[in-house]
Amino acid sequence: MSSLVYALAETARPGVYGASRAEGPGLELLELRPATMLQLGAWPDTKGALEAILSDHLKLEVPVTPGQAAVSPEGTLMVMAPGRYLLVSDNGDITQSLLEKIAVETGVLTDLSHARAGIRISGRNAADVLLKGVVIDLDIRAFTVGSVAQSSFHHVGLTLHRKDETTFDLFVFRGFAVSFWEALTDAALEYGYEVMTPA
């Protein structure tokens with residue numbers, strides 16, 4: 001696989017921006033740079049077989065309910081719909097290893113690594129910023145840790161995953177990444193935010 005060129009490499013410049021508060025910025029923003037993003041799908045009668053492969057290979061329990069995610073050292077598996085999954089992993093070899101295990105009769109795999117951009121937003125004001133654009137109840141009792149949803153922010157479609165109470169991972173189409181970043185950082189200005197250096 002060719003090396004990835006990340007969509008925000010020239011845009012998400014480390015530093016502190018926006019309002020200055022005694023307690024420091026209310027947010028941290030980080031461009032996510034996973035090695036691999038995969039979309040996986042089962043056929044109508046092979047959902048169980050595909051989930052068994054994913055569970056064994058990723059060392060996790062695949063959530064039963066769409067809109068939930070499971071995390072292991074191999075990556076984060078999000079259930080987008082019955083029999084439809086999004087896998088985000090730092091393992092650059094996982095595509096090939098899954099291709100060797102998933103026969104075409106069981107399911108399909110599409111590499112989205114070059115087609116998506118990821119941003120992590122965290123901090124005490126993370127939900128406040130997202131609520132300026134998304135139409136989801138982000139109260140921790142409604143959108144619990146591990147929840148996944150598809151929504152939009154200023155007309156840019158996104159996949160939203162709640163990592164913990166104050167941390168969200170956001171995935172958008174690569175072509176809209178800079179526009180999305182500009183809208184997100186504009187919404188964050190009143191709280192102050194720090195752009196972190198990608199790992």
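The values are calculated or read from the model by the stated rules, or taken from the named source; none is laboratory data. Bear in mind that the values here come from a model prediction, so they are computed numbers and not experimental data. Because the Cβ atoms are built from the backbone with ideal geometry, glycine has one as well, and the counts that use them run over all protein chains shown. Heads up: the accessible areas ignore ligands, DNA and RNA and are worked out on the full protein's heavy atoms, side chains in. Shrake-Rupley method; radii C 1.70, N 1.55, O 1.52, S 1.80 Å.
Things worth noting here:
- Flag set for V64, criterion: exposed (fewer than 15 other Cβ atoms within 10 Å of the Cβ), modelled with pLDDT under 95 and over 30 Å from E190 (Cβ atoms).
- Those residues of the range 148-163 which are touching a residue at least 40 places away in the same chain (Cβ under 8 Å) and open to solvent by 10 Å² or more (accessible area, probe 1.4 Å), in sequence order: V148, A149, Q150, T159, K163
- Taken over the range 118-137, residues that are part of a loop (DSSP other than H, G, I, E, B) and either farther than 27 Å from A199 by Cα or open to solvent by 40 Å² or more (accessible area, probe 1.4 Å) (or both) amount to 8.
- As for the range 97-105, it holds no residue that is within 17 Å of the chain's Cα centre (by Cα), among the aliphatic types (A, V, I, L, M) and open to solvent by less than 40 Å² (accessible area, probe 1.4 Å).
- Of the criteria (1) in contact with a strand residue (DSSP E or B) (Cβ under 6 Å, 6 or more places away or on another chain); (2) at pLDDT 95 or above; (3) surrounded by 14 or more Cβ atoms within 10 Å (Cβ to Cβ), which one Y17 fails: (2)
- Complete set of residues in the range 34-48 that are of a type outside the set (D, E) and surrounded by fewer than 16 Cβ atoms within 10 Å (Cβ to Cβ): W43, P44, G48
- Scanning the range 71-90 for residues that are of a type outside the set (F, W, Y), open to solvent by less than 60 Å² (accessible area, probe 1.4 Å) and under 16 Å from Q39 (Cβ atoms) yields a count of 12.
- Looking only at the range 91-113, and only at residues there that are part of a loop (DSSP other than H, G, I, E, B) and touching a helix residue (DSSP H, G or I) at 6+ places or on another chain (Cβ under 7 Å), the one that is farthest from T36 (Cα to Cα): T106
- Within the option set A142, A177, A183, being of a type in the set (G, A, S), touching a residue at least 12 places away in the same chain (Cβ under 8 Å) and either part of a strand (DSSP E or B) or open to solvent by 10 Å² or more (accessible area, probe 1.4 Å) (or both) holds for one residue only, A183.
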